[in-house]
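S.K.: Quick one: the structure is below, and I'll ask about it shortly.
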Amino acid sequence: MTVAADCPVSIQATAPGISSQLLGSGLIGLREGLEAAIVVTILVAFLVKAKRRDALKWVWLGVAAAIIMTIAVFLTIQFSAYTIKNLAAEAVAGIASLVAVAIVTTMLLWMKKAAAGLSGELRAEMARALQTGAPAVLLLAFLAVGREGIETALFMVGYAKAETAWPLTGLIIGVLLAAAIACGMYAGAIRINLSKFFTYTGVFLVIVAAGILSSGVGALQKVGWLPGRGNRAFDINSWFDWLSWYGAIIRGVFNISPTPTVLRLATWLTYLIIALALFLRPSASTPKRASSSAANHPTSTERPMT
């Protein structure tokens with residue numbers, strides 16, 4: 001999604017390296033996969049406690065449908081990148097990046113706001129779905145997991161030009177690791193601070209989104225839809241070897257350009273400042289809810305998801 005003009009030695013014209021593809025997509029898969037796994041765990045635990053194991057098959061069918069949808073969206077993004085070339089590819093990549101960042105930012109901020117009461121809401125929705133019937137249970141599981149799946153697929157826009165199976169491999173590894181952690185937590189064998197985990201990984205995803213947005217701006221500058229393509233903010237090619245494994249990771253995971261345009265840099269900084277401020281802003285209702293939950297369920301091991 002970046003252009004050769006961004007860098008005199010054309011390092012930006014290359015696709016992300018294998019290490020950056022695996023690391024970046026793996027971290028995204030781990031974060032989003034664990035969030036989805038916790039949602040599934042809440043639904044499964046409710047059904048087990050309610051002695052409605054007969055409805056579990058509909059939950060798993062909904063989860064399977066959500067996974068299939070996620071893979072379809074991911075492959076559509078990858079296929080589009082493979083088949084569309086030259087300036088048309090840059091235009092599509094630029095628009096896709098802007099749309100993806102808008103959607104995933106909205107989802108991240110919504111999840112942070114809704115996380116404190118998400119468990120109770122899911123249980124209430126499952127109770128209503130059980131009264132409605134099997135299709136409602138399936139739909140609830142599909143939507144709950146599908147939301148995370150779509151967010152995951154959109155984050156993978158940054159790897160659309162890789163033209164290899166490594167991004168998908170890293171994503172699968174991350175999701176499998178997330179599933180293993182969720183199973184361990186459900187069994188009581190693993191304990192982690194989910195609040196800190198989702199805060200730290202949320203910051204990581206915001207930085208990734210900032211890079212995707214900046215890369216999209218650069219692509220639109222290349223096709224002439226945005227001005228300032230020749231206005232470079234700085235050149236940091238000499239800071240270190242950008243062709244090294246660590247340089248490839250920085251470029252591949254975070255879409256960093258050593259010679260960004262002024263508009264790309266301004267877009268990156270503006271988004272990063274505003275998005276981080278909104279994401280890290282403490283919720284006034286969280287302490288009250290946490291205290292109330294602790295009072296009513298002193299032995300509960302549940303934690304908020306952000």
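The values are calculated or read from the model by the stated rules, or taken from the named source; none is laboratory data. Values in this document were obtained by computation on a predicted structure and should not be read as measured data. Here the Cβ is made from the backbone with ideal geometry for all residues, glycine too, and neighbour counts use every protein chain on show.
S.K.: Sort out for me the helices (runs of 4 or more DSSP H) sitting completely within the range 85-195 that have 3 or more residues that are in contact with a Cys (Cβ under 9 Å, 6 or more places away or on another chain).
M.R.: none
S.K.: Could you say which residue among Ala210, Ala277, Ala233 is farther than 25 Å from Leu23 by Cα and out of contact with any strand residue (DSSP E or B) (no Cβ under 8 Å at 6 or more places or on another chain)?
M.R.: Testing whether each residue is farther than 25 Å from Leu23 by Cα and out of contact with any strand residue (DSSP E or B) (no Cβ under 8 Å at 6 or more places or on another chain) leaves just Ala277.
S.K.: Specify the residue that is surrounded by the most Cβ atoms within 10 Å (Cβ to Cβ); the eligible residues are those in the range 1-50 that are at pLDDT 70 or above and assigned to a loop (DSSP other than H, G, I, E, B).
M.R.: Gly17
S.K.: Shifting gears a bit: Suppose the filter is in a helix (DSSP H, G or I) and either modelled with pLDDT under 70 or among the basic types (Lys, Arg) (or both); does Ser292 pass it?
M.R.: So Ser292 fits the description; yes.
S.K.: Something else: From Pro298, Pro282, which residue is assigned to a loop (DSSP other than H, G, I, E, B), at pLDDT below 80 and farther than 23 Å from Ser20 by Cα?
M.R.: Going through Pro298, Pro282 in turn, just one is assigned to a loop (DSSP other than H, G, I, E, B), at pLDDT below 80 and farther than 23 Å from Ser20 by Cα: Pro298.
S.K.: Can I ask one more? Testing Ala210 on (1) in contact (Cβ under 8 Å) with a residue 40 or more places away in the chain; (2) under 25 Å from Thr76 (Cα atoms); (3) among the hydrophobic types (A, V, I, L, M, F, W, C); (4) surrounded by fewer than 18 Cβ atoms within 10 Å (Cβ to Cβ), one condition comes back false. Which one is that?
M.R.: (4)
S.K.: Now, a different point. Collect the residues in the range 234-258 that are surrounded by fewer than 20 Cβ atoms within 10 Å (Cβ to Cβ) and part of a loop (DSSP other than H, G, I, E, B), keeping them in residue-number order.
M.R.: Once the filter is applied, which keeps residues that are surrounded by fewer than 20 Cβ atoms within 10 Å (Cβ to Cβ) and part of a loop (DSSP other than H, G, I, E, B), the range 234-258 yields Phe234, Asp235, Ile236, Asn237, Ser238, Trp239, Phe240, Asp241, Leu243, Ser244.
S.K.: Further question: When you look at Tyr159, is it within 17 Å of Leu34 (Cβ to Cβ) and either touching a helix residue (DSSP H, G or I) at 6+ places or on another chain (Cβ under 7 Å) or among the aliphatic types (A, V, I, L, M) (or both), yes or no?
M.R.: Spelling it out, it is not the case that Tyr159 is within 17 Å of Leu34 (Cβ to Cβ) and either touching a helix residue (DSSP H, G or I) at 6+ places or on another chain (Cβ under 7 Å) or among the aliphatic types (A, V, I, L, M) (or both).
Every residue, every condition in (1) hydrophobic (A, V, I, L, M, F, W, C); (2) surrounded by fewer than 20 Cβ atoms within 10 Å (Cβ to Cβ); (3) in contact (Cβ under 8 Å) with a residue 24 or more places away in the chain, yes or no:
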position: Trp110; (1), (2), (3): yes, yes, no
position: Lys113; (1), (2), (3): no, yes, yes
position: Gly120; (1), (2), (3): no, yes, no
position: Arg123; (1), (2), (3): no, yes, yes
position: Gln131; (1), (2), (3): no, yes, no
position: Leu138; (1), (2), (3): yes, no, yes
position: Phe142; (1), (2), (3): yes, no, yes
position: Glu151; (1), (2), (3): no, no, yes
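S.K.: Restricting attention to the range 243-273, which residues are at pLDDT 90 or above, under 21 Å from Gly94 (Cα atoms) and within 21 Å of the chain's Cα centre (by Cα)?
M.R.: Of everything in the range 243-273, those that are at pLDDT 90 or above, under 21 Å from Gly94 (Cα atoms) and within 21 Å of the chain's Cα centre (by Cα) turn out to be Thr267, Trp268, Leu269, Thr270, Tyr271, Leu272.
S.K.: I'd like to verify a number: residues in the range 81-107 that are of a type outside the set (Ser, Thr, Tyr), surrounded by fewer than 19 Cβ atoms within 10 Å (Cβ to Cβ) and under 13 Å from the mean Cα position of the chain (by Cα), how many?
M.R.: Residues flagged as of a type outside the set (Ser, Thr, Tyr), surrounded by fewer than 19 Cβ atoms within 10 Å (Cβ to Cβ) and under 13 Å from the mean Cα position of the chain (by Cα) within the range 81-107 amount to 3.
S.K.: Only one of these conditions is not met by Gln221: (1) modelled with pLDDT of 90 or more; (2) outside any helix (DSSP H, G or I); (3) among the polar types (S, T, N, Q). Which number is it?
M.R.: So Gln221 meets the others, but not (2).
S.K.: Out of everything in the range 189-199 that is over 26 Å from Leu276 (Cβ atoms) and without any contact (Cβ under 8 Å) to a residue 60 or more places away in the chain, what residue ends up being surrounded by the most Cβ atoms within 10 Å (Cβ to Cβ)?
M.R.: The extreme case among them is Ile190.
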